[in-house]
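Student: If you scroll down you'll find the structure; I have some questions about it.
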Amino acid sequence: MRLLIDVGNTALKATLYQQGEIKPCDVNALPWPQINELIYACVGKSDQLHALLAQANLHNVPCFEAKVSKELGGLQCAYQHYDNLGIDRWLALIAVFALWPQQNCIVVDTGTATTIDVLTAQGQHLGGWILPGLDLMTHSLTQNTQRVFDDQHTEFSNQLGVNTPNGLKNGALVATIGAVEQAKLHLSGKKPQLIFAGGYAKLLQAQFSGAVFDSQLVMKGLNQWYLLNNK
């Protein structure tokens, strides 16, 4: 059994990998005697992660931190200074390259930030963009303008706004949709597969015909990273 941990900007997520399946788990009730290794990715500081690593050490469970590399298993990173690429973006690319081999893909991860990455069928990462996430986009406007406001009842939609809250939220959504459409132009004529992960992934997936939602994309990439680095 393998414990997979992803520490994002706002939360720690944990899953267990066993016999080809990845399942969410409660970090307060882990079956330590059955865990063979702990694999983790971290974009920020986390006291909770440090506590879990200490527990792993007590149970003699080896720990491995995922890192970005210039190349891995045929996947090529676009960044010249590859260690500046966010680890979650790299893991999502690893997963997509394994799950959709020999396909042009666009990977969209929607968290605090929305990231968009373009990947060729040959495994060349062409690069990508970092946008404010939908909530951060709307929050920044309400906090930095005098007359733009939001409410708790208005949902995101791609329709034209007819009041301030849905003008705000719909504007954030269509700005993100537009960024994805721009990414598609970098694979012009190649009909890329769109893969969405993260908190607003289902909302964005619904805006594109044939798009895929994968709630465990980063975890799948984390597991694949371990397998490729420990052959």
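The values are calculated or read from the model by the stated rules, or taken from the named source; none is laboratory data. Not measured: the values here are computed from a predicted model. A quick note on method: Cβ atoms are made from the backbone with ideal geometry, for glycine too, and the neighbour counts reach across all protein chains shown.
Table: residues versus (1) outside any helix (DSSP H, G or I); (2) modelled with pLDDT under 95; (3) buried (at least 16 other Cβ atoms within 10 Å of the Cβ).
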| site | (1), (2), (3) |
| --- | --- |
| LEU131 | yes, no, yes |
| MET137 | no, yes, yes |
| ARG147 | yes, yes, no |
| ASN166 | no, yes, yes |
| ASN170 | no, yes, yes |
| THR176 | no, no, yes |
| GLN182 | no, no, no |
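Student: Something else now. Out of segment 66-81, which residues are over 20 Å from TRP100 (Cβ atoms) and over 17 Å from the mean Cα position of the chain (by Cα)?
Tutor: SER69, LYS70, TYR79, GLN80, HIS81
Student: Let me ask something additional. For segment 76-87, does any single residue satisfy the condition of being surrounded by 13 or more Cβ atoms within 10 Å (Cβ to Cβ), more than 30 Å from LEU30 (Cα to Cα) and of a type in the set (S, T, N, Q)?
Tutor: Within segment 76-87 (the criterion being surrounded by 13 or more Cβ atoms within 10 Å (Cβ to Cβ), more than 30 Å from LEU30 (Cα to Cα) and of a type in the set (S, T, N, Q)), the answer is yes, since at least one residue qualifies.
Student: Follow-up. Give the residue, chosen from VAL68, VAL27, VAL43, that is modelled with pLDDT under 95, surrounded by 13 or more Cβ atoms within 10 Å (Cβ to Cβ) and touching an Asp or Glu at 6+ places or on another chain (Cβ under 8 Å).
Tutor: Going through VAL68, VAL27, VAL43 in turn, the sole match is VAL43.
Student: Can you find a residue in segment 18-28 that is touching a residue at least 24 places away in the same chain (Cβ under 8 Å), part of a strand (DSSP E or B) and not basic (Lys, Arg)?
Tutor: yes
Student: Additional query: Residues in segment 193-212: is at least one hydroxyl-bearing (Ser, Thr, Tyr), under 15 Å from the mean Cα position of the chain (by Cα) and over 28 Å from LEU72 (Cα atoms)?
Tutor: Yes; the residues of segment 193-212 include at least one that is hydroxyl-bearing (Ser, Thr, Tyr), under 15 Å from the mean Cα position of the chain (by Cα) and over 28 Å from LEU72 (Cα atoms).
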